[in-house]
Amino acid sequence: MSHSAASRVQEFIGDPVSEAPIVAREKLEEIFADIQDDLRYDHELNGCLNCGICTATCPAAHYYDFSPREIVQLLWTENLEGIHDAMQEKIWACAQCYTCAARCPFGNSPGGLIMLMRETAIKHGMESAKNVLRPFSRVMLKLISTGNQLSPDMINPDHFADWGPNICKVDAPLKILRKAIPMPTLNTTATAWEVNLKTSVELYTIWEMTGVLDQLETIDENLFDVITDIMDEKREDWDDFLEDAEDDEDDEDDD
Ligand code: SF4
Ligand code: SF4
């Protein structure tokens, strides 16, 4: 009998007789170091009584197999395997409402710590991050190409087929509803408001300098390529605008 092919058990939980960890110890340490090295870490974790107040007040804990107490305990006790395991699913259940941070007697911010874990999951290109963020690629494209997030015409079943059957519930006459909103700047379905070229180009610099685009490349290379093309085009438009403005100034000086 051949031992080369993985059995069903080996495929899902690893080889029970192997001493090799499923994820190398060095990798687990690297992931934890990335979470811990963030400037916010020491502000958001000051100790943990394991009291469970955070979980008792957490809305996500009511609906999912998720507990902020458990996540904080994993970090506080430096349980590297547990931290890695939680990053495969549990951390994505948090609604980032920060009720936990308001209630923790130790002044911890479980929601903030979860955000650090999410950012690290993205940095390491974890499948959980890719799966969670995939449906948001259109939002990202819209944000980068227009400076806006969603416009009402995007909220329809065709655009969000991968959000499952519940998307049909938002199939409302959004164009009409939008016009009923009293703020004139919102009466459009193409974009929520106009972002000028200079601001767009400045935003691209911020996204580059802060590593947002590197993260995007890790998570979705195709989307990254599309977005980079859009950014290049807009930067060229901005350079042309500046050149034209300079020429106009020179002409005025000559006159
Ligand atoms: S994070 Fe705070 S509220 Fe939650 S279990 Fe620890 S000490 Fe209690
Ligand atoms: S921020 Fe997350 S962990 Fe904290 S209460 Fe809200 S959903 Fe729960």
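The values are calculated or read from the model by the stated rules, or taken from the named source; none is laboratory data. Please read all numbers here as calculations on a predicted model, not as lab measurements. FYI the Cβ positions are ideal-geometry reconstructions off the backbone, even for glycines, and counts take in every protein chain you see.
When you scan the range 55-62, do you find a residue that is over 18 Å from residue 108 (Cα atoms), modelled with pLDDT under 95 and in the same structural domain as residue 88 (by TED's automatic domain parsing), even just one?
yes
Within the range 38-62, which residues are free of Cβ contacts under 8 Å to residues at least 24 places away in the same chain and away from ligand 1 (no atom under 15 Å from the Cβ)?
Those that are free of Cβ contacts under 8 Å to residues at least 24 places away in the same chain and away from ligand 1 (no atom under 15 Å from the Cβ): 39, 62.
Of all residues in the range 19-60, which are farther than 17 Å from residue 115 by Cβ and within 13 Å of ligand 2 (Cβ to nearest atom)?
Across the range 19-60, the qualifying residues are 52, 53, 55, 56, 57.
Only one residue in 134, 138 is basic (Lys, Arg) and in contact with a His (Cβ under 8 Å, 6 or more places away or on another chain), so which one is that?
Unique residue meeting the criteria: 138.
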